[in-house]
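Structure first, then comments.
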Amino acid sequence: QVQLVESGGGLAQPGGSLRLSCTASGNVFGINVMGWFRQAPGKERELVASINNGGNTNYDDSVKGRFTISRANANTVSLQMNSLKPDDTAVYYCYRNQGRKYWGKGTLVTVSL
């Protein structure tokens with residue numbers, strides 16, 4: 001089993017910034033992809049950004065140029081979110097795919113005045 005623990009999130013004003021972090025532990029190994037999905041009320045879960053262990057990144061078009069995903073090490077991923085918009089309000093879920101996908105419990109990001 002792999003456990004994912006997320007930190008960060010909270011409340012930000014439009015135009016503000018937040019940073020999310022996620023650390024994987026347990027049976028972590030090998031080639032993998034880590035990243036973030038988000039789910040807003042009444043909407044489906046959608047991919048925000050991902051990064052593989054070679055450092056290659058992928059972003060949803062809605063966050064390109066505003067969000068940056070990075071890996072501090074093999075098991076820790078961060079998401080720097082700048083120029084936040086109300087539409088970014090959602091529960092953000094960290095994930096790790098190493099042949100099987102594992103999920104964190106989610107952290108709420110609220111962008112509001």
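The values are calculated or read from the model by the stated rules, or taken from the named source; none is laboratory data. Bear in mind that the values here come from a model prediction, so they are computed numbers and not experimental data. Don't worry about glycine lacking a Cβ; one is built from the backbone with ideal geometry, like all the others, and counts go over all protein chains shown. Ligands, DNA and RNA are stripped out before the accessible areas are found, and what is left, the full protein with its side chains, is counted by its heavy atoms. Shrake-Rupley method; radii C 1.70, N 1.55, O 1.52, S 1.80 Å.
Just to be sure I understand the filter: pairs with C-beta atoms under 6 Å, separated by 6 or more residues or on different chains, first member in segment 1-24 and under 15 Å from GLN98 (Cβ atoms), second member of a type in the set (Gly, Ala, Ser) and part of a strand (DSSP E or B). Which pairs pass? Listed by first residue and then by second, the contacts come to GLN1/GLY26; VAL2/ALA24; VAL2/GLY26; GLN3/SER25; GLN3/GLY26; LEU4/ALA24. Scan segment 2-34 for residues that are at negative phi and not in a strand (DSSP E or B) and the total you get is 9. Residues in segment 61-78 that are more than 21 Å from GLY26 (Cβ to Cβ) and not polar (S, T, N, Q): ASP61, VAL63, LYS64, GLY65, ARG66, PHE67, ILE69. Only a single item in (1) touching a residue at least 40 places away in the same chain (Cβ under 8 Å); (2) closer than 20 Å to VAL5 by Cα; (3) small (Gly, Ala, Ser) is not met by SER70, and it is number (1).
Residue by residue, here is whether (1) open to solvent by 30 Å² or more (accessible area, probe 1.4 Å); (2) assigned to a strand (DSSP E or B); (3) not β-branched (Val, Ile, Thr) holds:
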residue	(1), (2), (3)
TRP36	no, yes, yes
GLU44	yes, no, yes
ILE51	no, yes, no
GLY55	yes, no, yes
GLY65	yes, no, yes
SER78	no, yes, yes
TYR92	no, yes, yes
LEU113	yes, no, yes
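The listed residues are SER83, SER50, SER78, and the only one of them that is more than 24 Å from GLN13 (Cα to Cα), of a type in the set (Gly, Ala, Ser), touching a Gly at 6+ places or on another chain (Cβ under 9 Å) and at pLDDT 95 or above turns out to be SER50. Close Cβ contacts (under 8 Å, 6 or more residues apart or on different chains) running from residues in segment 76-96 that are within 17 Å of GLU6 (Cα to Cα) to residues that are hydroxyl-bearing (Ser, Thr, Tyr) and open to solvent by less than 10 Å² (accessible area, probe 1.4 Å) comprise LEU79/TYR92.
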